[in-house]
Structure formats: C-alpha cells, structure tokens
Amino acid sequence: MSSNPQNGEPTKKFYFQEINKIIDFPNHGNHGKYYSYHMHLKSRETVNQPGQPAVLGEFLDSLEVDGKYPHTVGYFKESTGKGESFKPEYLELRKISAIEEFWMFLNASNV
C-alpha cells in the first residue's frame, strides 16, 4: 500500500489518465463535502514525490478537468515506475462524464 510521505500512513490515489494527473487523499482529516477535501496533486512523472497541496473542488473546476470530460479515472493504492513506465495497480477504473459521477466513485471507494 502506498504511503503519504509526510506521515507514513496509507493514502487513496486516483489517476486521471487523459491529463496525467494523480490526486492523493490522506486517510484522515477530510470531513464534510468532497468539494472542500484537501489532497495532493501530482503529475505522472512525479508520482513518488509528495505533490502540491490542493483542494479537490478547485482541481475539478479547473479548465484542465472541467473542460475535458470524459475522463478515465483509476483508483489505486500501489504503483511502480514513474513517467512513461508508471504502472498503477488499479482496484477500479471508471469513465467519468460529469463531476457527480466522480462523487459517486469517491463514495464507492470510501474516501
């Protein structure tokens, strides 16, 4: 299971394939609506780095995400390699056509 480098605890990761972005949620500290959840945002090339702190709603509202549906999103805990050799071991893979579908995916993944 992958860990959050800042505290050593396991995290939940989602990979947006078309835009090569990974969002990494800590297992603790987020409550309430998903829109305000804190996470770390990283690119496929920096998968082994901590990532930039971000807010989920701001990421999903960005032109990079909102203007480019549908997205293929994979939920994973483990991965190998980085850059072109990045290979996540998906627990689930979904085609997301709207933000509401992503909320359902997060809920199904117990985020």
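This model, with +1 at the C-beta of Lys and Arg and -1 at the C-beta of Asp and Glu, gives the chain a dipole about its Cα centre of some 180 debye.
Label-to-label distance, Y90 versus N110, with points set 7 angstrom from Cα along the beta-carbon direction: 2.1 nm.
With a simple spin-label model that places each label point 7 Å from the Cα along the Cα-to-Cβ direction, the separation between K77 and N20 comes to 2.8 nm. Working note: Karplus 6.51/-1.76/1.60 with θ = phi - 60° gives region 72-81 the couplings 8, 10, x, 9, 8, 10, 10, 8, 10, x Hz, where Gly and Pro are set to x.
Note on mean projected area of the Cα convex hull in nm²: of the candidates [x] 6.1; [y] 16.9; [z] 6.5, the value calculated from this structure sits at [x].
Each Lys or Arg adds one and each Asp or Glu takes one away; over the other residues whose Cβ falls under 10 Å from the Cβ of F86, this sums to +1. Annotation: lysines with alpha-carbon distance below 19 angstrom to K33 (same-chain offsets under eight excluded): K12, K13.
None of the figures in this text is laboratory data; all of them are computed from the coordinates on show. Bear in mind that the values here come from a model prediction, so they are computed numbers and not experimental data. Positions of Cβ are generated from backbone atoms using ideal geometry, with glycine treated the same way; all protein chains shown enter the neighbour counts.
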